[in-house]
Amino acid sequence: MSMNLQGGSIFGLLGPNGAGKTTLIRMITRIIFPDSGSILFKGEPMEERHVHQIGYMPEERGLYKKMKVREHLVYLGRLKGLSSREAAEKINFWFKKFDIESWENKKIEELSKGMSQKVQFIGTVLHEPDLLILDEPFSGLDPINSMLIEQEIRNFKAQGKAILFSTHRMEQVEGICDTIALINKGENILCGEVKVLKQQFKENKFEVGFEGALPEHFQQHFKVLSQSENRAVISSENNTSNEVLKYFIEQNVTVNSFKELLPSINEIFIKNVEKAAAL
Amino acid sequence: MKKILIIIQREYLSRVLTKSFLLTTLLAPIGFILLVGATVWVNTLGSSEKRIAVIDESGVFKDMRFPDASDKSVYFFYPNESFDSLYSNIQTNGKEAKFDALLRIPAGFEIMNPNRIGVQLFTADRPGLFMKQYLTEMLGDVVRKKKLETLDVDKAAIENLNEKITINYTSDLGNEKVGFTEIASVIGYLIGFVVYIALLVFGTMIMKGVKEEKTNRIVEVLVSSVKPFQLMLGKIVGIGMVGLTQFLLWAILIMLSNFFIVAVLGITMDGGMMTPPSASAANNIDADEIRILIGHISEIRFLPIFGAFLFFFIGGFLLYGALFAAIGAAVNDDGDMQSLTLPVTIPIIISIILLTKVIGEPDGSVAFWASLVPFSSPIIMPSLMPFEPPLWQILLSAALLILGFLGTTWLAARIYRTGILMYGKKVTFKELLKWGFKG
């Protein structure tokens, strides 16, 4: 397994349950140690001091129930090397940003699940890490909070930070990640930029919207996957999209929409996991 | 190191700054006082008073009265009635009779051969153990005295014969210490018991704290910031400091209440503690003895005792705390916790059982070995301190304890590291040892 995270990008770590995502993340965060291989951080072999530059939000996460929100965040910040004062300033910033200033003296046990997720997120990013590792960050969040967190993740990307994002929910990956690695049973079966992968796994499918009738010998040129009154999905292994469009225009078909259908990450994922299982 | 301090701070403050800490600190001594008070009260309550009618048909004891029990739980009266009327009274009225028992010295009772005819006792219900014992002792005394009179032994000589012997124990030659052993024993017991309770209470606190971190998945968040070992050590030390704080507060409370007792009640002590002179109850401590005992307290060298108490409490706490932490990290549910706690609590319980033997024979071999083994020395060694064991024994015990807690901490850290992130697996004691020694 080999992968590379860039600053200013979001890296999705995908894989079915039990693939080894959490184990990999625990190795990066030095909770457990690899039997072999090496992990480099900013070009140097990963060491204890680098841990302060990582923010890790685990999938299964909890907080001390009896502690108050602010108190707890100060504690987490100090364990990441912040002074009490620095921690307090940053907590103020985030409280304002999420508009939760009234929570500071609430006990963790009084918070709802969504609320404590927000606190958890603040705790993860409080020390402004250069590498942010989020394990299933959206699990248990309502749509509004999900959007809020997603926006923050994009902000971190804009600030040039590297984000490692582990999930098994593909639709999120598509919208957020720049690069993905697909792992299964501890092996990296696919890795690359989302755009490139989509191109790599495309099956030259096109969706054509039209008016009127289609030419008679149309079916000899293309494989028709589905067809309705004014819409057809076709595939053509040897033609580029321009060539396909050119054909329709030359046949005097009124085309009112034309789109190349790229595979979703979900499709690529399933296909590759099945392929790996078959091997 | 800085992180351990932050963890210690949290563990300490989150426990000390709570209402329940304040309450237990204040209520525990009150509970203790109530317990002691209740024991004393039950003792004074003792047996309800027993009225015994005496009918001396032999006339042997006509010139004397039988002495009542010192606490008036048994007393005698001499009705002017015949045996038959008294007998029918107790027989018909049973427990409602105006006396509880009828003591008959039949005609023909001979003082020189008291068992030929024998003394008879009639009761409506079964006579209590205390009453029987008192009667046997009292009659024995009285008959012996009468026998001596019959033998024409001089009265002064009888007094002389009956005189009790006080032994002046001299343990440290040239340095007389009367009644020292009793005081040393009491202090020894007290210290042993406090350490015993503290190890169990705060050990359980550590275990539960670790388990909370595990089951609430807090540890998942924390282990990316701190090493598991730091987390474990921080918790043990933080909770240990909670214990020390509690002791300190109790010490202050005791000093304050001592001051209060001396100031307010001290004057009444002489009169109040005076017990009526008794004929037979040899275990009654009279006021003089108390004064002597109080005098001895000043002879006890408290500073080394206190120092040893602190050292061995801290050492024992680290030793057992690490083991409790390891168990908290390994378990997933309360059932597991109970079965795995047992192997850790057993040596603590054995130590407190040995304590009686140790204090009974402070220079015996049980005391010696129990004071050296690191699993029992935290309780045994400070309890031995009032008996002033040789310095080399104390130092050897301390050194072994340090080795002991380094050992258990090493073992526990390995179990903790494996266990704290392992969920859903039922763990056995054997498996724990495997994690510890091979992991």
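The numbers here are math on the coordinates, done by the rules we state, and not lab data. Treat the numbers as computed from the prediction; the structure is a model and nothing was measured. Cβ atoms come from the backbone with ideal geometry, glycine included; neighbour counts cover every protein chain shown.
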| query | What fraction of the Cα pairs in the range B:108-259, stated in percent, has a spacing above 24 angstrom? | reply | 70 percent
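Average partner chain C-beta neighbours within 10 Å, per residue of B:212-223?
Details: counts 4, 2, 1, 1, 7, 6, 8, 4, 11, 13, 6, 7.
Mean shielding count: 6.
Sort A:CYS177, A:CYS191 by Cβ crowding within 10 Å, fewest neighbours at the top. Numbers along the way, then the final one.
Numbers: A:CYS177 22, A:CYS191 17.
Neighbour counts put them in this order, fewest first: A:CYS191, A:CYS177.
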| message | How large is the Kirkwood hydrodynamic radius of the protein assembly as shown, counting all unique pairs of alpha carbons, in Å? | response | 33.8 Å
| task | Indicate the gyration tensor shape class of the range A:5-48 (rounded, prolate or oblate), computed on the Cα atoms with a ≥ b ≥ c the square roots of the eigenvalues: a/c under 1.5 is rounded; otherwise a/b larger than b/c is prolate and the rest oblate. | result | oblate
| task | Read phi for every residue in the range B:4-21 and hand back ³J(HN,Hα) as whole Hz from Karplus 6.51 cos²θ - 1.76 cosθ + 1.60, θ = phi - 60°, with x for Gly and Pro. | result | 4, 4, 4, 5, 4, 4, 5, 4, 6, 5, 5, 9, 6, 8, 10, 5, 5, 5
| task | Please work out the C-alpha center-to-center distance from the range B:1-41 to the range B:42-111 and express it in whole Å. | result | 54 Å
| note | Which residues qualify? For A:PHE258, with a placed amide H closer than 5 Å and at least 5 residues away or on another chain, they are A:GLY209
| Amide H contacts of A:LEU190 (H built 1.01 Å from N, under 5 Å, at least 5 apart or other chain) | A:LEU182
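With a 10 Å Cβ neighbour count serving as the proxy for reagent exposure, in which order, fewest first, do A:GLU207, A:GLU101, B:GLU11 appear?
Values: A:GLU207 15, A:GLU101 12, B:GLU11 23.
With the fewest neighbours first, A:GLU207, A:GLU101, B:GLU11 line up as A:GLU101, A:GLU207, B:GLU11.
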| Candidate lysines - alpha carbon under 26 Å from B:LYS72, same-chain residues fewer than 8 apart omitted | B:LYS50, B:LYS62, B:LYS95, B:LYS98, B:LYS132, B:LYS145, B:LYS146, B:LYS164
| Using alpha-carbon positions, what is the distance between the centroids of the range A:38-99 and the range B:394-439, in Å? | 30 Å
| note | Interchain or sequence-distant (5+) residues whose placed amide H lies within less than 5 Å of the amide H of A:GLY15 are A:THR167, A:ILE183
| said: If packing is taken as the average number of other Cβ atoms within 10 Å across a peptide's residues, how do B:321-330, B:394-403 rank, most packed first? | reply: B:321-330, B:394-403
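Which value, in Å³ per residue, describes the convex hull spanned by the Cα atoms of the range B:300-439? Please report the intermediate quantities before stating the final value.
Numbers: hull volume 14.5 nm³, N = 140.
Cα-based convex hull of the range B:300-439, divided per residue, equals 104 Å³.
Taking 8 Å as the Cα distance limit and 6 or more residues as the minimum spacing, I'd like the relative contact order of chain A as a percentage. Walk me through the numbers before you get to the answer.
Working: 412 pairs, mean separation 66.9, N = 279.
24 percent.
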| task | Apply the Karplus parameterisation 6.51 cos²θ - 1.76 cosθ + 1.60, with θ equal to phi minus 60°, to every residue of the range B:357-362 and state each ³J(HN,Hα) to the nearest whole Hz, in sequence, with x for glycine and proline. | result | 4, 5, 6, x, 9, x
| For the cross-link pairs A:LYS42/B:LYS235; B:LYS2/B:LYS438; A:LYS198/A:LYS271, which exceed 24 Å when the distance is taken from alpha carbon to alpha carbon? | A:LYS42/B:LYS235; B:LYS2/B:LYS438
| query | Ranked by Cβ crowding within 10 angstrom, fewest neighbours first, how are A:TRP94, B:TRP410, B:TRP392 ordered? | reply | B:TRP392, B:TRP410, A:TRP94
| Choice from B:ILE346, B:ILE415, B:ILE197 with maximal GNM fluctuation in chain B (Cα, 10 Å cutoff) | B:ILE346
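Just counting partner chain Cβ atoms within 10 Å, what average do the residues of peptide B:411-421 show around their Cβ? Spell out each step's value before the answer.
Numbers: counts 0, 0, 0, 0, 0, 0, 2, 0, 0, 1, 6.
Partner Cβ neighbours, averaged per residue: 1.
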| Can you list the HN-Hα couplings for the range B:135-148, worked out from phi with the Karplus curve (6.51, -1.76, 1.60; θ = phi - 60°), rounded to whole Hz and with x for Gly and Pro? | 4, 4, 5, 5, 5, x, 4, 5, 5, 4, 4, 4, 4, 4
| note | With the dipole of chain B defined by +1 on each Lys or Arg Cβ and -1 on each Asp or Glu Cβ, the option from B:GLY37, B:VAL153, B:LEU233 whose Cα lies farthest towards the positive pole is B:LEU233
| remark: In this structure, among B:LYS19/B:LYS211; A:LYS195/A:LYS246; A:LYS97/B:LYS214, pairs with alpha-carbon gaps over 28 Å are A:LYS97/B:LYS214
| query | Hey, how much of the P(r) for chain A falls beyond 27 Å, as a percent of Cα pairs? | reply | 52 percent
| task | With both partners inside the range B:50-161, how many of the DSSP beta bridges are antiparallel, as a percent to the nearest 5? | result | 30 percent
| task | Quote the charge dipole size of the protein assembly as shown about the Cα centre in Debye, to the nearest 20; the model charges only the Cβ of Lys and Arg (+1) and of Asp and Glu (-1). | result | 1340 debye
| request: Report the charge-dipole magnitude of the range B:50-161 in Debye, nearest 20, computed about the Cα centre from +1 at each Lys and Arg Cβ and -1 at each Asp and Glu Cβ. | output: 240 debye
| field | A:SER112 versus A:GLN220: modelled label distance in nm, points set 7 Å from Cα along the beta carbon direction | value | 6.4 nm
| Which whole number gives the average, over all residues in A:60-69, of C-beta atoms from other chains lying within 10 Å of the residue C-beta? | 5
| said: Restricting the calculation to Cα positions, tell me the Rg (one decimal) and the Dmax (whole number) of the range B:50-161 in Å. | reply: 14.7, 47
